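Below is one structure, written out as structure tokens; comments come after it.
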Amino acid sequence: MTEFDGLPVLTDPVAVAAFEGWNDAADAASGTVEHLELSWNARQVAELDPDKYYDYQVTRPLVSITDGVSRQIHWRTTRLSVCRPEGASRDVVLIRGIEPNIHWRAFTEDILELCHSLEVDRVVLLGALLADVPYTRPLPVSGSASDPETARRLNLVGSRYEGPTGIVGVLHEACIRAELSVVSFWVHVPHYASEPPCPKATLALLHRVEEALDLPVPTGDLAEEAAEWEERVDALTKQDAEIGEYIRALEQRTDEVGLQATSGDDIAHEFEKYLRRRGGGGATGGSSTS
């Protein structure tokens, strides 16, 4: 990547974005982008002026002390970083910040202008919401896409939600108006276990990001952390018979409504996609399932 007017020239870049706040139950969405920043050694290339979009009595700056003496103020805002995942032929722009307090339309225009300057042609938006789901089952991830082909490929059903929305919903609509391909993923976080972090929710979003980008996404220790999270929630629910009964009802509803028979061909197809993303190619022979 080479520098031009302060921004790098990227190769076929795609953006992944998440914002703290209303869209970010258990910090699962912003935690996903932060995980990618660390895993892919992303470097910051731009940030928005916090004076334009944040109420500092709501989103307060942070103070830190370095060398035991120097005090430094950190102004919280939305930042863009770039990276080239190992083995990938394209760059990824990571956008992580805070839902703005004011001037949402100007904020959205600034984000899209930066995406345009970086020649991003596709945006993946991440969110997390509180829901009635059992923590013992895979956490659902719903979503929508700007074009039917992408929706079919990612097995997304168009949202019928009507009501208040956050910056993820506003950005999704703005991307469509700007004729920018966009997909949004929302992980469903158990409302009774919503204290951050929720590694199981972050892991669920990472798997969907991997599908959307069609490249391997490192998960690090998240699988182990998710198992430990389940153990902690399990211990808490065993202390409250009413919550335990409620979760068993959620499990029964999920098993009855959510589970559908999957054919051997479907399983083989998903496994081949996984191998391709991991650099192993497709299946080399016939596959069988029992």
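The values are calculated or read from the model by the stated rules, or taken from the named source; none is laboratory data. All values reported here derive from a predicted model rather than from experimental measurement. Using ideal geometry, Cβ is built from the backbone for each residue, glycine included, and neighbour counts are taken over all protein chains shown.
What is the number of the single condition among (1) over 24 Å from residue 38 (Cα atoms); (2) surrounded by fewer than 22 Cβ atoms within 10 Å (Cβ to Cβ) that residue 215 does not meet? All conditions pass for residue 215, except number (1). Close Cβ contacts (under 8 Å, 6 or more residues apart or on different chains) running from residues in the stretch 155-174 that are farther than 19 Å from residue 131 by Cα to residues that are of a type in the set (Asp, Glu) and outside any loop (DSSP other than H, G, I, E, B) comprise 174/109.
Which helices (runs of 4 or more DSSP H) does the stretch 1-119 wholly contain that include 1 or more residues that are under 21 Å from residue 178 (Cα atoms) and among the aromatic types (Phe, Trp, Tyr)? Step through it out loud before you land on a result.
Working: elements: 28-39, 50-53, 104-117.
The helices (runs of 4 or more DSSP H) meeting that bar are 104-117.
Evaluate the following for residue 132: is it under 24 Å from residue 186 (Cβ atoms), out of contact with any strand residue (DSSP E or B) (no Cβ under 6 Å at 6 or more places or on another chain) and among the acidic types (Asp, Glu)? So residue 132 fits the description; yes. The stretch 126-238 holds helices (runs of 4 or more DSSP H) entirely within its bounds, and those carrying 1 or more residues that are touching a Phe, Trp or Tyr at 6+ places or on another chain (Cβ under 9 Å) map to 167-177, 199-213, 222-238.
Okay, residues lined up against (1) surrounded by 11 or more Cβ atoms within 10 Å (Cβ to Cβ); (2) within 18 Å of residue 204 (Cα to Cα); (3) among the basic types (Lys, Arg); (4) at pLDDT below 90:
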residue	(1), (2), (3), (4)
222	yes, yes, no, no
225	yes, yes, no, no
233	yes, yes, no, no
236	yes, no, no, yes
247	yes, no, no, no
260	no, no, no, yes
264	yes, no, no, yes
267	yes, no, no, yes
